[in-house]
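*Asks:* Please see the structure below; I have some questions.
Taken together, the values in this text are just the output of simple stated rules run on the coordinates, not laboratory data. The structure displayed is predicted, hence computed values, not measured ones. Quick reminder, even Gly has a Cβ in these numbers, built from the backbone with ideal geometry, and neighbours come from all protein chains shown.
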Amino acid sequence: MIWPAEDLWLAMVALQPGLTVEVLPEIDSTNTELMRRARAGQTEPVLLVAEAQTAGRGRLGRPWHGEVGYALTFSLGLMLKPVDWSGLSLAVGLSLARSLDPQGDLGVRLKWPNDLWVKRPSMPIGWGKLAGILIETAMPAGIGYSSDQGRYCVVGVGINIAPPVAEGLSTAPLGLQDLQSDITAPDALMKVAEPLLVTLLAFERTGFAPLQNAFNARDALRDLNVTLSNGRHGVARGVDVTGAMLVDTEQGQEAISSSEVSVRPA
């Protein structure tokens, strides 16, 4: 598989000096590798791509399978110092959705807090999962390092390319090739990587608030009956300026900010 590493580097290093682009044939997890490096004091900006992952991870520790040609799996790591980290996964999701489906014609939508879904009538609940996001941060090792200098942020992305075969999932997966038959993993990387870096640098300056309306316009759950992982029910009403999900319940409107809370259409 031919990857556009040099083209990406030329485009991205102008935005983030010192950035490198690495493509590996196989690794346990791109996120795990960059977190290992950060904890060892290696905090240089890097885009790490793996053709295959043997131990990819999603939110709440769920496995994410990435086989050669079937998925695009990468992590972008860099030092960030935003005023408020709230809503970062939503900003990342919005960036990916805009890059893969600029006008929204393909039906790519955002499922709070960190997934890309596509409306597909043939799917059991009407949605197919296209991509997932896992964000981790680390305090770099080193004498004299202060949290005032920010944290090393690792943004992991997994995008299904070929239609995946997976059973027993609450949301059936689908691939980008279901929407655009001739697209490959390198093609998708070229679409999403540079805009993602732009988004992260903008988020560091302005936070999530400027993206609230754009997120709500692509919110897969807005105005749907939803069930929370604690068994409570309500109607999703988009997100607030911090990225918290607003849910109308019998007790009134609640702002759900913890990413540990799962939300599903009822």
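*Asks:* What FRET efficiency comes out for Q251 versus D223 if R0 is 30 angstrom and r is the Cβ-Cβ distance? Round to the nearest 0.05. Before the final figure, lay out each step's value.
*Replies:* Details: r = 19 Å, r/R0 = 0.64.
The calculated FRET efficiency here is 0.95.
*Asks:* R0 = 22 Å: FRET efficiency of D182 with E22, Cβ-based, nearest 0.05? It would help to have the intermediate numbers written out before the result.
*Replies:* On the way: r = 26 Å, r/R0 = 1.20.
Once rounded, the FRET efficiency stands at 0.25.
*Asks:* Quick one: grab the alpha carbon gyration tensor of the stretch 126-239, order the square roots of its eigenvalues as a ≥ b ≥ c, and give me rounded if a/c is under 1.5, else prolate or oblate depending on whether a/b is larger than b/c.
*Replies:* Numbers: a/c = 1.79, a/b = 1.29, b/c = 1.38.
Oblate, because a/c is 1.5 or more while a/b does not exceed b/c.
*Asks:* Now a separate question. Going by the alpha-carbon gyration tensor, a ≥ b ≥ c the square roots of its eigenvalues, is the stretch 221-266 rounded (a/c under 1.5) or, if a/c is not under 1.5, prolate (a/b greater than b/c) versus oblate? Show your work: numbers first, answer last.
*Replies:* Values: a/c = 1.40, a/b = 1.19, b/c = 1.18.
Because its axes are fairly even, with a/c under 1.5, the stretch 221-266 counts as rounded.
*Asks:* Determine the sum of side-chain charges near L80: Lys and Arg each +1, Asp and Glu each -1, restricted to other residues whose C-beta is under 14 angstrom from that of L80. Let's see the in-between values first.
*Replies:* Numbers: positive: K81, R151, R205; negative: E44, D84, E136, D148, E204.
Once positives and negatives cancel, what remains is -2.
*Asks:* Starting from 0.36 nm per residue, how many nanometres of slack lie between V165 and A266 once their C-alpha separation is accounted for?
*Replies:* Values: separation 101, 0.36 × 101 = 36.36 nm, distance 2.45 nm.
Computed gain between V165 and A266 is 33.9 nm.
*Asks:* Would you work out the charge dipole size for the chain about its Cα centre, treating the Cβ of every Lys and Arg as +1 and the Cβ of every Asp and Glu as -1, and quote it to the nearest 20 debye? The partial results should precede the final answer.
*Replies:* Details: 21 positive and 28 negative charges, 112 e Å.
Approximately 540 debye in magnitude.
*Asks:* Using per-residue counts of other Cβ atoms within 10 Å, averaged over each peptide, order 78-87, 99-108, 190-199 from highest down. Spell out each step's value before the answer.
*Replies:* Details: 78-87: 17.0, 99-108: 15.4, 190-199: 19.5.
My ranking of the peptides, most packed first, is 190-199, 78-87, 99-108.
*Asks:* Let me ask something else. Rounded to the nearest 500 deg cm²/dmol, what is the calculated helix-only ellipticity per residue at 222 nm for the chain, with -39500 (n - 2.57) per DSSP H run of length n ≥ 4? Working shown, then result.
*Replies:* On the way: 5 runs with 60 residues, N = 266.
After summing the helix terms and dividing by residue count, I get -7000 deg cm²/dmol.
*Asks:* Mind sorting out which of (i) 18.0, 56; (ii) 20.5, 64; (iii) 18.8, 55 is the real Rg and Dmax of the Cα atoms in Å computed from the coordinates?
*Replies:* Only one option fits the structure, namely (i).
*Asks:* Please list, ordered by chain and number, the residues whose modelled amide H lies under 5 Å from the amide H of A172; skip anything fewer than 5 residues away on the same chain.
*Replies:* I125, K129
*Asks:* Once you put a point 7 Å from the Cα of Q103 and another 7 Å from the Cα of A5, both along the Cβ direction, what distance in nm separates them?
*Replies:* It works out to 3.6 nm between the two label points.
*Asks:* So how do 180-187, 232-239, 250-257, 88-95 stack up, highest first, on mean other-Cβ count within 10 Å?
*Replies:* Values: 180-187: 14.8, 232-239: 19.0, 250-257: 12.2, 88-95: 24.5.
The peptides rank, most packed first, as 88-95, 232-239, 180-187, 250-257.
*Asks:* Now for a separate question. Report the full-extension gain for the segment V241 to V13: residue separation times 0.36 nm, less the Cα-Cα distance, to one decimal in nm.
*Replies:* Details: separation 228, 0.36 × 228 = 82.08 nm, distance 3.06 nm.
Gain on extension, V241 to V13, equals 79.0 nm.
*Asks:* Would you grab the residues whose amide H sits under 5 Å from the one on A220? Only those 5+ places off in sequence or on another chain, please, with H modelled 1.01 Å from N.
*Replies:* L110, K111, W112
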